[in-house]
């Protein structure tokens, strides 16, 4: 798959895809005979993971560490698991903050609705 197609599929700029390759978030992408990037299924799977983690707020630094550990093999499974546990904890903390904000917004909206409905009478 060409870089333009991958860019559209994942909603990333072509520059971002090149950057991810440059810093090691995805492995070196194979090239066709003209030197154009030719993304393989394994590249797309890695990109899907990277995009999911980035959308969740995982830093590039943490992703790089995770991928470097992954390249070292099975002896790093515990370390990788621990990294993911730490990131899950951060997400759960953010989720609690977002839920509290949503609850406050709902309360305020309901309050406005009550005030507006009594004014119309």
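The values are calculated or read from the model by the stated rules, or taken from the named source; none is laboratory data. In this text the structure is predicted, and so the values were computed from the model without any measurement. Cβ atoms come from the backbone with ideal geometry, glycine included; neighbour counts cover every protein chain shown.
Here residue 45 passes the criteria (1) over 28 Å from residue 91 (Cα atoms); (2) assigned to a helix (DSSP H, G or I) except the one numbered (1). Here residue 121 meets each of (1) closer than 30 Å to residue 17 by Cα; (2) modelled with pLDDT under 95; (3) exposed (fewer than 10 other Cβ atoms within 10 Å of the Cβ) with one exception, condition (1).
Checked against the criterion of being in contact (Cβ under 8 Å) with a residue 12 or more places away in the chain, surrounded by 10 or more Cβ atoms within 10 Å (Cβ to Cβ) and either farther than 16 Å from residue 1 by Cα or out of contact with any strand residue (DSSP E or B) (no Cβ under 9 Å at 6 or more places or on another chain) (or both), the range 94-107 contains one or more residues that satisfy it. Identify the single condition in (1) closer than 30 Å to residue 9 by Cβ; (2) in a helix (DSSP H, G or I) that residue 29 does not satisfy, given that it satisfies every other one. Of the numbered conditions (1) closer than 30 Å to residue 9 by Cβ; (2) in a helix (DSSP H, G or I), the odd one out for residue 29 is (2).
Within the range 66-81, the set of residues being closer than 19 Å to residue 25 by Cβ and assigned to a helix (DSSP H, G or I) comprises 66, 67, 68, 69, 70, 71, 72, 76, 79, 80.
State yes or no: is residue 110 surrounded by 10 or more Cβ atoms within 10 Å (Cβ to Cβ), in a helix (DSSP H, G or I) and touching a residue at least 24 places away in the same chain (Cβ under 8 Å)? No, not satisfied. Looking at 84, 63, just one residue is assigned to a helix (DSSP H, G or I), touching a helix residue (DSSP H, G or I) at 6+ places or on another chain (Cβ under 8 Å) and closer than 27 Å to residue 1 by Cβ, and that residue is 63.
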